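Worksheet: one structure, shown below.
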4 protein chains.
Amino acid sequence: METRKKVRIGVIGGGSPELKFRQIAFEVGKLIAEKGAILICGGLGGVMEATSQGAKEAGGLTVGILPGNNPDQANPYIDIPIATNMGHSRNSLVALNSDVLIAIDGQYGTLSEIAFGCIYRKKIIGLGSWDIKGVIPAETPEEAIKLAFSS
Amino acid sequence: METRKKVRIGVIGGGSPELKFRQIAFEVGKLIAEKGAILICGGLGGVMEATSQGAKEAGGLTVGILPGNNPDQANPYIDIPIATNMGHSRNSLVALNSDVLIAIDGQYGTLSEIAFGCIYRKKIIGLGSWDIKGVIPAETPEEAIKLAFSS
Amino acid sequence: METRKKVRIGVIGGGSPELKFRQIAFEVGKLIAEKGAILICGGLGGVMEATSQGAKEAGGLTVGILPGNNPDQANPYIDIPIATNMGHSRNSLVALNSDVLIAIDGQYGTLSEIAFGCIYRKKIIGLGSWDIKGVIPAETPEEAIKLAFSS
Amino acid sequence: METRKKVRIGVIGGGSPELKFRQIAFEVGKLIAEKGAILICGGLGGVMEATSQGAKEAGGLTVGILPGNNPDQANPYIDIPIATNMGHSRNSLVALNSDVLIAIDGQYGTLSEIAFGCIYRKKIIGLGSWDIKGVIPAETPEEAIKLAFSS
């Protein structure tokens with residue numbers, strides 16, 4: 001399928017997750033790539049890096065929307081780093097450029113992305129993340145992906 | 001006191017609140033001005049307008065950090081409109097430019113501002129707003145102001 | 001006059017100007033305040049600091065739209081610092097929030113502000129600044145102010 | 001070559017160019033793709049669309065950094081649209097995410113991108129564009145590409 005027509009799934013989550021959430025993020029990234037979707041994320045470490053690695057190992061395309069001013073700050077599994085130089089305000093752009101968001105664990109940065117996702121009327125799936133009205137909880141990466149791609 | 005040295009209190013909340021919350025926002029704005037603090041807000045209607053009106057009636061100074069590209073879009077009680085042309089991403093700047101945040105009612109825009117407030121390590125007081133870890137609940141405008149100015 | 005109704009004059013220019021341009025910037029700031037207008041600038045040093053000092057000595061109001069994430073980074077003559085955390089992209093907001101721009105000396109940052117001023121259809125006066133179509137040259141601070149306030 | 005390691009060439013220019021400049025932009029896009037580089041641009045019409053079309057016809061990868069809030073606003077030859085919702089301030093990000101800039105024709109938007117390119121210390125090649133210190137003039141698309149890839 002043409003790159004432009006592919007679904008874009010945003011994965012959001014903390015920079016310093018427990019191992020369990022890294023593994024979940026990896027699995028989610030792998031499944032996104034296997035579905036032929038593009039992975040959008042914040043481009044840094046933790047959940048962002050693990051999910052990017054998962055997507056790359058399954059042959060996917062990964063976009064990292066970075067807070068800083070240097071594309072090289074992206075984790076090594078990002079194909080297309082976009083430096084915004086907006087700091088945490090870039091969380092808004094991660095939500096804006098995703099068709100669906102999957103939140104994994106996460107602290108207040110993730111909460112801001114969930115809030116923007118709701119503002120922009122995106123579907124948001126949660127895996128061990130914030131229990132907020134508007135977040136659809138899932139138990140496993142497979143369930144999260146199923147929910148993400150259901151209409 | 002010099003303008004530069006004044007405390008800056010951000011008031012965040014929805015654009016279409018119930019009358020009750022407009023009244024609370026008005027009262028909070030009035031108390032902020034009476035304390036000699038500057039009011040920071042998103043510059044538009046609803047809670048933002050009511051709190052600006054309260055602050056102006058008590059002789060305060062009001063700053064509106066706007067989503068659009070036209071300073072004239074600010075409500076009539078804003079002294080210093082700042083057009084950001086960033087849309088909802090400007091919510092980050094409302095939090096960044098406040099010493100303390102008072103959240104009144106509010107939907108997902110307010111939630112994003114609370115999240116940024118937590119990211120930027122600001123004290124956040126809630127009046128009928130989101131029940132989130134990091135938000136200190138208050139029952140009345142007076143209590144909110146007392147909490148805002150306590151150290 | 002009400003703060004909201006005052007004209008807003010943006011002064012743009014480099015952070016490390018020659019003494020001559022500091023003196024011109026100081027004089028321009030003083031004249032802006034004497035006219036009852038608000039000074040908008042980038043909030044940092046050099047031309048921005050000198051013009052803010054001039055405006056403050058004449059009793060004016062000064063707004064500094066900062067590139068960083070800390071309002072305290074503003075020069076000491078800024079009354080209302082606005083932290084944008086957008087780096088150089090904040091140059092766009094300096095132009096957007098000014099009714100007229102006065103460019104004094106300056107390098108590429110100033111050029112970007114002139115370009116945004118032209119995009120936003122602002123009148124732009126130049127004092128020893130870029131010789132670009134769209135910039136009206138002036139010889140003295142007095143002439144610049146006269147041009148800024150003529151219709 | 002891995003996507004991440006590819007050179008990223010930004011092409012900047014107006015939305016309503018003469019036919020001559022559309023043809024030049026098309027040719028530049030084609031040559032960028034033939035060199036194996038990624039095309040970065042503002043994602044809209046005119047020079048941006050023509051250069052994207054050229055890059056796509058030569059099998060390249062195209063990224064469009066958009067002013068609005070909707071990735072679908074990108075021209076049809078953009079593979080990876082990035083909505084910034086920053087209006088003209090996004091010009092800063094086009095420059096920031098390019099290793100080299102090629103300016104073709106263009107008005108004040110292009111001038112702002114040239115200015116940011118200079119701020120971010122990027123090499124800038126001009127084809128019938130602004131005659132500004134810091135822009136290296138070229139006569140033909142081939143010469144522009146040669147200059148862009150020379151070290």
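The values are calculated or read from the model by the stated rules, or taken from the named source; none is laboratory data. Just so we're clear, the structure is a prediction, and the values are computed from it rather than from any experiment. Please note: Cβ atoms are built from the backbone with ideal geometry, for glycine as well, and neighbour counts cover all protein chains shown. Accessible surface areas use protein heavy atoms only, side chains included; no ligands, DNA or RNA. Shrake-Rupley method; radii C 1.70, N 1.55, O 1.52, S 1.80 Å.
Using a Gaussian network model of chain A with C-alpha springs under 10 Å, which one of A:49, A:113, A:34 is most mobile by mean-square fluctuation?
Ranking A:49, A:113, A:34 by mean-square fluctuation puts A:34 first.
Given H placed 1.01 Å from N in the peptide plane, which residues other than close sequence neighbours of residue C:129 have an amide H under 5 Å from its amide H?
Answer set, sorted by chain and number: C:105.
Given Cα positions, please report Rg to Rh for the stretch B:3-149, the hydrodynamic radius being the Kirkwood one.
Here the Rg-to-Rh quotient is 0.92.
Given springs between every Cα pair under 10 Å in a Gaussian network model of chain A, which of A:105, A:131, A:79 has the largest fluctuation?
Highest fluctuation among the options: A:131.
Across peptide C:90-99, what mean number of C-beta atoms from other chains lies inside 10 Å of a residue's C-beta? Kindly include the intermediate steps, with their values, before the conclusion.
On the way: counts 4, 7, 13, 8, 0, 3, 11, 9, 1, 1.
Across the residues of C:90-99, the mean count of other-chain Cβ atoms within 10 Å is 6.
Alpha carbon centre of the stretch A:32-73 versus the stretch D:33-89: separation in Å?
Result: 20 Å between the Cα centres.
Taking the rotation axis that maps chain A onto chain C, which residue of A brings its Cβ closest to that axis, and at what distance in whole Å?
Per the Cβ-to-axis criterion, the result reads A:86, 3.
So for the pair residue B:16, residue D:136, with labels modelled 7 Å out along Cα→Cβ, what separation do we get in nm?
5.6 nm
What is the magnitude of the charge dipole of the stretch A:8-138 about its Cα centre, with +1 placed on the Cβ of each Lys and Arg, -1 on the Cβ of each Asp and Glu, and no other charges, expressed in debye to the nearest 20?
With Lys and Arg at +1 and Asp and Glu at -1, about 340 debye.
Chains C and B: buried accessible surface, both sides, probe 1.4 Å, rounded to 100 Å²?
Values: alone 7510 and 7500 Å², together 13030 Å².
That pair hides around 2000 Å² of surface in total.
Got a number for carbon plus sulfur as a percent of the stretch A:8-138's accessible area, 1.4 Å probe?
47 percent
Give, as a single signed number, the net charge of other residues whose beta carbon lies under 10 Å from the beta carbon of residue C:61, with Lys and Arg counted +1 and Asp and Glu -1.
Values: positive: C:6, C:8, C:56; negative: B:79, C:79.
Result for the local shell: +1.
May I ask you to evaluate 6.51 cos²θ - 1.76 cosθ + 1.60, the Karplus curve with θ = phi - 60°, for each residue of the stretch C:96-107 and list the ³J(HN,Hα) values in order in whole Hz, giving x for glycine and proline?
Working through the residues one at a time gives 5, 9, 10, 6, 9, 10, 10, 9, 10, 6, x, 10 Hz.
Find the accessible area per residue for chain B; the probe is 1.4 Å, ligands and nucleic acids are left out, and the unit is Å².
With the other protein chains kept in place, chain B gives 37 Å² per residue.
Distance from a point 7 Å along Cα→Cβ of residue C:57 to each backbone N in the stretch C:77-97: keep the residues under 14 Å and list them by number.
Under 14 Å, as judged by backbone N against the label point of residue C:57, lie C:77 of the stretch C:77-97.
From zero up to wherever the largest Cα-Cα distance of the protein assembly as shown sits, split into 20 Å bins and tell me the percent of pairs in each.
21, 50, 27, 1
With an 8 Å cut-off on Cα pairs and a minimum separation of 6 or more residues, tell me the relative contact order of chain C in percent.
23 percent
May I ask you to report, in nm to one decimal and beginning with the shortest, the distances from residue A:146 to the same position in the other copies, taking label points 7 Å along Cα-to-Cβ?
Output for residue A:146: 5.3, 6.1, 7.9 nm, nearest copy listed first.
From the phi of every residue in the stretch C:74-86, what ³J(HN,Hα) in whole Hz does the Karplus formula 6.51 cos²θ - 1.76 cosθ + 1.60 yield, where θ is phi - 60° and glycine or proline is x?
These are the phi-based 3J(HN,Hα) values: 5, 5, x, 9, 8, 7, 10, x, 10, 7, 9, 6, 10 Hz.
Got the residue A:57 label distances to the other copies yet, label 7 Å along Cα→Cβ, in nm, shortest first?
So the label point of residue A:57 gives 4.3, 6.2, 6.7 nm to the other copies.
Using 26 Å as the Cα-Cα cut-off, could you pick out the over-long pairs in D:20/D:146; B:6/C:30; A:133/B:35; A:30/D:56; A:122/D:122? Before the final figure, lay out the partial values.
Details: D:20/D:146 20 Å; B:6/C:30 24 Å; A:133/B:35 36 Å; A:30/D:56 28 Å; A:122/D:122 36 Å.
Over 26 Å apart, Cα to Cα: A:133/B:35; A:30/D:56; A:122/D:122.
Any idea of residue D:2's accessible area? Nearest 10 Å², probe 1.4 Å.
The accessible area comes out at roughly 110 Å².
Along Cα-to-Cβ, 7 Å out, sits the label point; list in nm, shortest first, how far the one on residue A:72 is from those in the other copies.
Those separations, rounded to one decimal, come out as 3.1, 4.0, 4.7 nm.
Take the Cα radius of gyration of the stretch C:47-111 and divide it by 2.2 N^0.38 Å, with N its residue count; two decimals is plenty.
1.08
Ignoring everything except DSSP H segments at least 4 long, calculate the 222 nm mean residue ellipticity for chain B; use -39,500 (n - 2.57) per segment, divide by total residues, nearest 500.
Only helices count here, giving -11000 deg cm²/dmol.
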